[in-house]
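Asks: Sending over a structure as structure tokens; questions will come in a sec.
Any read-out appearing in this document is the output of simple, stated calculations on the displayed coordinates, not a laboratory observation. The structure presented is a predicted model; accordingly, all values stated were derived computationally and were not measured. Positions of Cβ are backbone-derived with ideal geometry, glycine not excepted, and every protein chain shown enters the neighbour counts.
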Amino acid sequence: MLKKVISFSLVVVLSFSVVFSVYFLNPEKVEAAPSFAKGADISWVAAMEAQGYQWKDKTGVTRDILQILKQDYQMNSVRIRVFVNPSNDYGNGYMNKDRAADLALRAKNAGLSVMLTLHYSDSWADPGKQNKPAAWSNYTFQQLMDAVWNHTSDVMNTMKSKGVTPDWVQIGNETNNGMLWNDGKASLSMKNYAWLVNSGHNAVKSISSSTQTIVHLANGYDNDVFVWNIGGLVSNGANFDIIGMSLYPSNTDWSTKVTQTISNANNMITRYNKPIMITEIGMDYNQPAAAKSFITDIKTKIRNIPGGKGLGVFYWEPQATPSYNGGYSKGAWQADMKPTIALDGFIN
């Protein structure tokens, strides 16, 4: 009898040791990324709350916006951007590494997976502008690669200090013509662009080997741009895990654009054997019925890509109210702080 008690006690101690190790020593390993992400870019949440915004659900009850997204619309993930040295302007800057880490921790505590979007700029980076951070403006190309590595590592470690390990990290944002212009402008030097992507990718993996990296381009329906850009990266030795796409159709062409985007996604998978994630979608807030249909359609078709190669869909800043930040009109909340029906498209 004594032998059995000792054996049982040993099993309990060993089991507790395993649980303690997994949950407390390695918290980033507890939760796996969802097999299919349904999410939202929530980066404006911190600024909007600082400005006094509070959100209501469809019944008019004021609740935490993350809980509304998760509980009412079945979202399991969020996307958060990080600028290098942003201003404190609520709309255009604000999201530095520390505020991003605080928001990421809040999302994690709400049971949501986290994607980081690294802009490698002090403000917005997109197809029309990829401006270097002011502090990097006179760097040599080697110094730029080092800066990308150091900044990426710094952001990852800031997240880690809060107990958050992102499931995905975008190396740049809508880099249709590369990043950190002109050194990393793809039309001038695809090789430089590829090496900058590698600098970010390698920095992410040095902190968390399980985190998946994303190269993200706008206009997911434009196969020519994707073949040129993604093909150029691959042929120049760039390493990354996922191809990200943006899609912002109108209420009249969304069906055609979804068909073209799915065709492009399948072509990318065939050519480069990389999975696809739609990391940004949106439609005018005053077309909520069309937006709901659009979300339902692209969510369903991405999920149904063969082999599980369609990894998810993220709505860009759905919590934005009409004309927030000087005119953004593709949110999914009304001026009365109640949602439109657009996000119902995420509900299974």
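Asks: So for the chain: antiparallel DSSP bridges make up what percent, rounded to the nearest 5?
Replies: 15 percent
Asks: A further question follows. Under 22 Å from the Cα of Lys205, which lysines turn up, not counting those fewer than eight places away in the same chain?
Replies: Candidates past the 8-residue exclusion: Lys29, Lys97, Lys108, Lys160, Lys162, Lys191, Lys274, Lys309.
Asks: Mind grabbing the base-10 log of I(q)/I(0) for region 85-206 at q = 0.11 Å⁻¹? Debye formula, identical points on the C-alpha positions, no solvent, two decimal places.
Replies: Each listed q corresponds, in turn, to -0.36.
Asks: Here's a follow-up. Treating each Cα of region 142-259 as an identical point scatterer and ignoring solvent, apply the Debye formula and state log10 I(q)/I(0) at q = 0.12, 0.14, 0.15, 0.21 Å⁻¹.
Replies: -0.46, -0.61, -0.68, -1.10
Asks: Sum up the charges of everything whose Cβ sits under 13 Å from the Cβ of Gly345, counting Lys and Arg as +1 and Asp and Glu as -1, but leave Gly345 out.
Replies: Taking every other residue near Gly345 into account, the sum is +2.
Asks: Something else now. Calculate one ³J(HN,Hα) per residue across region 280-285 by plugging θ = phi - 60° into the Karplus curve 6.51 cos²θ - 1.76 cosθ + 1.60, and present them in order as whole Hz with x for glycine and proline.
Replies: Going residue by residue, I get 8, 9, x, 8, 3, 4 Hz, with x marking Gly and Pro.
Asks: Under a 5 Å amide H to amide H cut-off, with H placed in plane at 1.01 Å, what residues pair with Lys330 once short-range neighbours are removed?
Replies: Those lying under 5 Å, H to H, from Lys330 are Tyr285.
Asks: Near the amide H of Ala186, under 5 Å away, which other amide H atoms are found, from residues 5 or more places off or on another chain, if H is placed in the peptide plane?
Replies: Under 5 Å from the amide H of Ala186: Gly178, Met179.
Asks: In addition: Would you kindly compute the Cα radius of gyration of region 40-346 and its largest Cα-Cα separation (Dmax), both in Å?
Replies: Just the Cα atoms of region 40-346 yield Rg and Dmax of 18.3, 56 Å.
Asks: Excluding Val148 itself, calculate the net charge of residues whose Cβ lies under 13 Å from the Cβ of Val148, where each Lys or Arg counts +1 and each Asp or Glu counts -1.
Replies: -2
Asks: Just add up the charged neighbours of Trp181: K/R +1, D/E -1, any other residue whose Cβ is under 11 Å from the Cβ of Trp181.
Replies: Once positives and negatives cancel, what remains is +2.
Asks: Using modelled backbone amide H atoms (1.01 Å from N, in-plane), which distant-in-sequence or interchain residues come within less than 5 Å of Leu116's amide H?
Replies: It is Ile80, Trp168, Val169, Gln170, by chain and number.
Asks: For Lys301, which aspartates and glutamates qualify as cross-link partners when the Cα separation must be under 19 Å and same-chain residues fewer than eight apart are set aside?
Replies: Answer for Lys301, where 19 Å is the Cα cut-off: Asp222, Asp253, Glu280, Asp344, listed by chain and number.
Asks: Run down the aspartates and glutamates and flag those whose C-alpha is under 17 Å from the C-alpha of Lys338, throwing out any fewer than 8 positions away in its chain.
Replies: Hits, sequence-local ones excluded: Glu49, Asp57, Asp64, Asp72, Asp284, Glu317.
Asks: Also: So, with +1 on the Cβ of K and R and -1 on the Cβ of D and E, and no other charges, what is the size of the charge dipole of region 93-157 about its Cα centre, to the nearest 20 debye?
Replies: In total the dipole reaches around 160 debye.
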